[in-house]
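Q: One structure, as structure tokens, below. Some questions next.
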Amino acid sequence: MRIGVLTGGGDCPGLNAVIRAVTRTAVGRYGDTVVGIRNGWKGLLEDTLEELDLRRVSGILPRGGTILGTSRTNPLKDKAQMAKIHETVKKHEIEAVIATGGDDTLSVCLALNKEGLQAVGVPKTIDNDICGTDYTFGFNTAVHIVTEAIDRLHTTAESHHRIMVVEVMGRHTGWIAVMSGLAGGADAILIPEVPYDVDELCNRLKKRHKRKSFSIVVVAEGAREKGQDQFIVQSNKVDEFGHARLGGIGSVVAQKLEERTGIQTRVTMLGYIQRGGTPTAYDRILGTRFGVAAVEAVHDSQFGKMVALRGEQITLVPLEEAVHQPKKVDMEFYRMAEVFFG
Ligand code: F6P
């Protein structure tokens with residue numbers, strides 16, 4: 001077979017593990033040809049493809065980012081672009097496309113599949129917000145990075161008797177905040193799923209500071225104060241999928257905390273550090289499992305499906321299930337984290 005592979009949306013650690021696993025399985029096990037599509041769906045609009053052989057994917061397993069490049073290109077906005085994608089696929093005699101991405105990339109994958117493209121999805125994102133799979137690769141690495149940052153912030157917070165606010169990514173879900181907050185021993189975690197009350201938070205921290213002289217507050221970029229319907233954004237510009245660039249809530253929270261508690265407060269915004277660099281062993285293994293399973297799904301003609309992790313098993317779920325809404329934080333984890341607040 002001739003199989004195309006692409007990576008779309010925000011990059012994340014583990015993408016190269018998928019590309020390597022797809023190539024090794026397809027070429028090594030089935031004698032297929034693998035065509036790398038550059039920069040997500042954009043590569044099929046601009047006809048920028050490269051053949052991936054075993055040599056090209058050698059040594060990429062520990063590397064962050066994606067050797068294919070990525071973009072937030074949305075061909076769904078324009079019928080002509082959708083047609084162009086089918087045309088490029090036909091021109092290069094690609095029989096199946098493996099699309100690795102978050103909900104945006106996967107929703108394009110679903111639409112193209114409905115129009116006849118033989119496609120299989122692979123879920124990736126540091127946000128862990130894709131339905132149908134327990135975890136996405138990239139998330140574990142991001143949680144490790146944030147946890148290490150929280151550990152570092154503890155020592156400086158304690159020395160200066162300060163409140164340290166740590167702003168983390170996650171878009172409209174608080175998975176990174178909750179899991180890294182749990183692992184790092186945060187004293188408060190603010191997530192989009194649970195709007196926060198500033199007075200209540202200040203009272204809790206003031207009480208804590210009578211006992212302990214510092215606090216760590218983890219804030220997800222999509223968190224909102226009770227009664228607020230606007231998100232704090234870095235820019236009003238939206239990307240091709242209509243997403244604004246979130247960011248800045250950490251400073252808003254820090255300022256209010258300092259004003260109302262009188263305790264010196266500092267903010268750290270971890271930003272893209274969370275997405276960069278080498279993947280953890282967990283993400284390399286998950287990416288590898290997804291890549292192998294995606295090629296198997298292609299050979300079993302399981303198109304319109306996404307590979308997924310359920311418990312310890314890799315399985316297939318309909319793409320519809322994956323993209324219908326973001327997967328919110330499991331409240332059991334949040335309630336557990338609350339035990340350690342204050
Ligand atoms: O979806 C991954 C993510 O890193 C989000 O956590 C964040 O809100 C967004 O991407 C940032 O997007 P961009 O790379 O377009 O700035």
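The values are calculated or read from the model by the stated rules, or taken from the named source; none is laboratory data. A quick note: this is a predicted structure, and the numbers were derived from the prediction, not measured. Note that we place each Cβ from the backbone using ideal geometry, even for glycine, and neighbour counts take in every protein chain shown.
Q: Quick test for you: out of ASP78, ASP47, ASP32, ASP53, pick the one residue that is at pLDDT 95 or above, among the acidic types (Asp, Glu), crowded, with 20+ Cβ neighbours inside 10 Å and more than 16 Å from the ligand (Cβ to nearest atom). So that I can check it myself, show each step before the final result.
A: Values: ASP78 fails: crowded, with 20+ Cβ neighbours inside 10 Å; ASP47 fails: crowded, with 20+ Cβ neighbours inside 10 Å; ASP53 fails: crowded, with 20+ Cβ neighbours inside 10 Å.
It is ASP32.
Q: Go through the range 153-180 residue by residue and tally those that are small (Gly, Ala, Ser) and within 16 Å of the ligand (Cβ to nearest atom).
A: Kept after step one, since they are small (Gly, Ala, Ser), are these residues of the range 153-180: 157, 159, 170, 174, 177, 180.
With within 16 Å of the ligand (Cβ to nearest atom) added as a condition, the list becomes 170, 174, 177, 180.
Within the range 153-180, residues that are small (Gly, Ala, Ser) and within 16 Å of the ligand (Cβ to nearest atom) number 4.
Q: Kindly list, by first and then second residue, each pair from a residue in the range 259-277 that is closer than 15 Å to THR156 by Cα to a residue that is part of a loop (DSSP other than H, G, I, E, B), limited to pairs with Cβ atoms under 8 Å and residues at least 6 apart or on different chains.
A: Qualifying pairs under 8 Å: ILE263/HIS161; ILE263/ARG162; GLN264/HIS161; GLN264/ARG162; THR265/ARG162; ARG266/ARG162.
Q: May I pose another question? Scanning the range 91-111 for residues that are within 16 Å of the ligand (Cβ to nearest atom) and assigned to a helix (DSSP H, G or I), which turns out surrounded by the most Cβ atoms within 10 Å (Cβ to Cβ)?
A: Taking the range 91-111 as the starting set, the residues that turn out to be within 16 Å of the ligand (Cβ to nearest atom) are 99-108.
The next check asks that each one be assigned to a helix (DSSP H, G or I); those that pass are 103-108.
Values: ASP103: 21, ASP104: 24, THR105: 30, LEU106: 27, SER107: 20, VAL108: 27.
Taking the candidates together, the pick is THR105.
Q: Just to be sure I understand, how many residues within the range 18-38 are closer than 20 Å to PHE137 by Cβ, outside any helix (DSSP H, G or I) and not small (Gly, Ala, Ser)?
A: Summing the residues that are closer than 20 Å to PHE137 by Cβ, outside any helix (DSSP H, G or I) and not small (Gly, Ala, Ser) in the range 18-38 gives 2.
Q: If you don't mind, another one. Looking at (1) free of Cβ contacts under 8 Å to residues at least 60 places away in the same chain; (2) closer than 29 Å to ASP103 by Cα; (3) out of contact with any strand residue (DSSP E or B) (no Cβ under 8 Å at 6 or more places or on another chain), which one does HIS243 not meet, given that it meets all the others?
A: Only one criterion in (1) free of Cβ contacts under 8 Å to residues at least 60 places away in the same chain; (2) closer than 29 Å to ASP103 by Cα; (3) out of contact with any strand residue (DSSP E or B) (no Cβ under 8 Å at 6 or more places or on another chain) is unmet by HIS243, namely (1).
Q: Sticking with this one: Those residues that are part of a helix (DSSP H, G or I) and either in contact with a Leu (Cβ under 7 Å, 6 or more places away or on another chain) or closer than 21 Å to PRO279 by Cβ (or both), I need them from the range 153-177; list them, please. First the steps, then the outcome.
A: So the first thing to find is which residues in the range 153-177 are part of a helix (DSSP H, G or I), and the list is 153-160, 175-177.
Selection gives TRP175, ILE176, ALA177.
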